[in-house]
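Step one of this worksheet: look at the structure below.
The values are calculated or read from the model by the stated rules, or taken from the named source; none is laboratory data. All values reported here derive from a predicted model rather than from experimental measurement. Here the Cβ is made from the backbone with ideal geometry for all residues, glycine too, and neighbour counts use every protein chain on show. The protein model used for the area step is the full one, side chains on, heavy atoms only, and it has no ligands, DNA or RNA in it. Shrake-Rupley method; radii C 1.70, N 1.55, O 1.52, S 1.80 Å.
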Amino acid sequence: MKLASYIANGKPCFGAVIGDGVVTMNERLKARYVTLREALAGGALDEMRRAADGAKADEKLADVRLLPPIPNQEKILCVGINYKSHAAEHGQEAPKLPNIFTRLVNTLVAPDGDMIRPKVSTNFDFEGELAVVIGRAGRHIAPEQALDHVAGYTCFCDASVRDFTKYSLVASKNFLGTGPLGPWVVTTDDIPDPTRLTLTTRLNGERMQHSGTDMLIHSIPAIIAFCSVFTPLTPGDIIATGTPDGIGAKRNPPVWMKADDVLEVEISDIGILRNRIVDET
């Protein structure tokens, strides 16, 4: 099942994407939940599945404006250097534990929305990633039970302002409007094994990154378990699992995103997250 958040007829909604339409869940769940995050916290996944089964679309997908699938997260956690190929292009050894940093919610960008290249940057870089959406709360989660806490998966671009990376990783990752997420969450019944996916990043149609998700250094269960040691995980939390090799900074010459460029992050069995780059005004 594909779950999305969107604006329809001027109102924020969430629902299931069925073919070229959306089945809005707000009223079908008797208005008990305002957002998809609340529905996940309320354990409503099975109820949404039943409501979507055989339902007629309420709107055409082309007629709604997609939002980040979970528009009001509590936490966005990201893993640095988590593909073997990416560690190699950095000339680094594989980290013994997941290297976690955080993103602010105001960095998120909707599908087909504008990524903002900061006015202080000429080195605006792309990093396509698979993101995990937490569906069930937990603390000190064992790796063997970690996937039971996942609602689904989506696409993410952990764009980096490389001009700032040497001063502060957190600053370089937290400029306003630099983190596209979406286009929707594909639930775990449709992706039972997240290591069997293929991630591709394209800039203006040219392939920049391409890797199987089986190349992660730290597995998704290991990442979830590690994160749950230092913070309680809650429904709707996002965990970005890292990027493969091919980033702009490591190309010769370097490739930086600029105004009017189009970035696409595509993950098999999920879809394409597409965004345009604009300069900060």
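Just one of the listed residues (Ala62, Ala41, Ala4) is small (Gly, Ala, Ser), in contact (Cβ under 8 Å) with a residue 60 or more places away in the chain, open to solvent by 60 Å² or more (accessible area, probe 1.4 Å) and within 25 Å of Ala110 (Cα to Cα), and it is Ala41.
Which one is surrounded by the fewest Cβ atoms within 10 Å (Cβ to Cβ) among residues in the range 180-216 that are assigned to a strand (DSSP E or B) and among the hydroxyl-bearing types (Ser, Thr, Tyr)?
Thr198
When the residues of the range 121-143 are filtered to those that are open to solvent by 10 Å² or more (accessible area, probe 1.4 Å) and of a type in the set (Val, Ile, Thr), the one that is nearest to Ala171 (Cα to Cα) is Thr122. Scan the range 144-179 for residues that are open to solvent by less than 10 Å² (accessible area, probe 1.4 Å), of a type in the set (Gly, Ala, Ser) and not in a helix (DSSP H, G or I) and jot them down. Listed by number, the residues that qualify are Ala151, Gly152, Ala159, Ser160, Gly177, Gly179.
Among the numbered conditions (1) more than 26 Å from Glu206 (Cβ to Cβ); (2) modelled with pLDDT under 95, the only one that Ala87 does not meet is (1). If you go through the range 217-250 and pick out every residue that is part of a helix (DSSP H, G or I) and closer than 22 Å to Pro183 by Cα, you end up with 1. Of all residues in the range 247-263, those satisfying the criterion of being open to solvent by 10 Å² or more (accessible area, probe 1.4 Å), touching a residue at least 40 places away in the same chain (Cβ under 8 Å) and not charged (D, E, K, R) are Ala249, Pro254, Val255, Trp256, Ala259, Val262.
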